[in-house]
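This report concerns only the one structure given below.
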Amino acid sequence: MLSAHTFNQILTPCAAALAYWLTVRFPDVRPGSVAASFAHVAVAYVSILTVAGSLIAFLYALPVPGSFELAVVAGALVPTVYFFLSLCWLVRGLQTVKLSSR
């Protein structure tokens, strides 16, 4: 059984790598402005703080086979990937603004 600390140490870099891969694989899929990118970061952060915990508990309590795996993937990995993906979008948006000001 994994401790919560070990699980978080594994989940975080995996989610960041997956988000970076999505950013590189689909470069044109991102918000059109820095403000929209920042809004995505804020929504992702709030969703991790508020929604993820209750979503994990709800999915784990479902009477279906594999509810633990479902809770891990849908309740923890997806919001974390979205958070890192929105951070990638924000960085790319800021780079675009910086490069266009030259």
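The values are calculated or read from the model by the stated rules, or taken from the named source; none is laboratory data. Owing to the predicted nature of the structure, the values given are computational and were not obtained by experimental measurement. All Cβ positions, even for glycine, are placed from backbone atoms using ideal geometry, and neighbour counts span all protein chains on display.
Residues are listed down the side, and each one gets a yes or a no for (1) closer than 15 Å to N8 by Cα; (2) surrounded by fewer than 15 Cβ atoms within 10 Å (Cβ to Cβ):
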position: A35; (1), (2): no, yes
position: V41; (1), (2): no, no
position: A44; (1), (2): no, no
position: L49; (1), (2): yes, yes
position: L55; (1), (2): no, no
position: Y60; (1), (2): no, yes
position: V64; (1), (2): no, yes
position: L70; (1), (2): no, no
position: T80; (1), (2): yes, no
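Taking the condition of being under 13 Å from L90 (Cα atoms), free of Cβ contacts under 8 Å to residues at least 12 places away in the same chain and within 13 Å of the chain's Cα centre (by Cα), how many residues in segment 22-75 meet it?
Residues meeting the conditions: 1.
Take the conditions part of a helix (DSSP H, G or I), closer than 24 Å to S100 by Cα, β-branched (V, I, T) and within 16 Å of the chain's Cα centre (by Cα) and apply them to V78. Does it pass?
no
Yes/no per residue for (1) within 26 Å of T6 (Cβ to Cβ); (2) at pLDDT below 90:
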site: A76; (1), (2): yes, yes
site: F84; (1), (2): yes, no
site: L90; (1), (2): no, no
site: V97; (1), (2): no, yes
site: S100; (1), (2): no, yes
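The rows are residues; the columns are (1) modelled with pLDDT of 90 or more; (2) hydroxyl-bearing (S, T, Y); (3) in a helix (DSSP H, G or I).
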position: M1; (1), (2), (3): no, no, no
position: N8; (1), (2), (3): no, no, yes
position: P13; (1), (2), (3): yes, no, yes
position: A16; (1), (2), (3): yes, no, yes
position: T23; (1), (2), (3): yes, yes, yes
position: A36; (1), (2), (3): yes, no, yes
position: V41; (1), (2), (3): yes, no, yes
position: A44; (1), (2), (3): yes, no, yes
